[in-house]
Amino acid sequence: MSRIGKKPVVVPGGVTAAIADGILTVKGPKGTLSLTMRDEISYTLDDGSIQVKPANATKQARAFWGMQRTLVDNLVTGVTEGYTKVLEITGVGYRANAQGKNLKLQLGYSHDVDFAVPEGIEIKTPDNTTIEISGIDKQKVGQVAAEIRRWRKPEPYKGKGIKYRGEFIFRKEGKKK
């Protein structure tokens, strides 16, 4: 039995959920998100909650159960609160600047890196060493953060690069003389 899967997903006030043609659609104050439903899982809409259960007793249905419940919970959280990832830039001369639908990064290369912000994602730079990525789709926010971080991953000797806020970089000592 899945401990996560057994819990119903509570739908708060102001959020509506609908099932049509194998797609679960959740509409809230921040926008609309949808999820393609798995055949192995049954979804039921009760008053104020969404219940996710395996449709049959196969091993595959039990394997999908907890993950599908988490995906439904991510939809509800996304349309009510949204998701935010914060990246921090460390290094001399490294900086970021949000300009409309582009993010300009100066990361020690011979050229500036222009990152096009995808639809549904908002990027803010409160200062030139912090990047705040926000949106309603958790997967998309995480993917954009990973793509930006990929330009200059943090290195273990000086700690220079782009890291997530709260991420610990294991530091190495370097050469001895």
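The values are calculated or read from the model by the stated rules, or taken from the named source; none is laboratory data. Everything numeric in this text was worked out from a predicted model, so none of it was measured. Note: ideal-geometry Cβ built from the backbone for every residue, glycine included; neighbour counts use all protein chains shown.
Brief remarks on what is shown
- Test set (1) basic (Lys, Arg); (2) in a loop (DSSP other than H, G, I, E, B); (3) over 23 Å from residue 58 (Cα atoms) - residue 27 fails condition number: (2)
- Filtering 147, 122 for residues that are over 17 Å from residue 109 (Cβ atoms) and among the charged types (D, E, K, R) leaves a single hit, 122.
- Summed over region 53-104, the residues that are buried (at least 17 other Cβ atoms within 10 Å of the Cβ), part of a strand (DSSP E or B) and among the hydroxyl-bearing types (Ser, Thr, Tyr) give a count of 1.
- Residue within region 128-143 that is in a loop (DSSP other than H, G, I, E, B), closer than 16 Å to residue 94 by Cα and either free of Cβ contacts under 8 Å to residues at least 12 places away in the same chain or touching a helix residue (DSSP H, G or I) at 6+ places or on another chain (Cβ under 8 Å) (or both) present: no
- Test: residue in region 36-45 that is of a type in the set (Phe, Trp, Tyr), more than 30 Å from residue 163 (Cβ to Cβ), over 21 Å from the mean Cα position of the chain (by Cα) and not assigned by TED's automatic domain parsing to the domain that holds residue 133: yes
- Assessment of region 39-47 against the conditions (closer than 20 Å to residue 137 by Cβ, of a type outside the set (A, V, I, L, M) and crowded, with 18+ Cβ neighbours inside 10 Å) yields at least one matching residue.
- Odd one out for residue 166 among (1) in a loop (DSSP other than H, G, I, E, B); (2) free of Cβ contacts under 8 Å to residues at least 12 places away in the same chain; (3) within 26 Å of residue 28 (Cβ to Cβ); (4) not polar (S, T, N, Q): (3)
- Screening the candidates 153, 172 for the property of being outside the structural domain of residue 90 (by TED's automatic domain parsing) and either part of a loop (DSSP other than H, G, I, E, B) or touching a residue at least 40 places away in the same chain (Cβ under 8 Å) (or both) yields one hit, 172.
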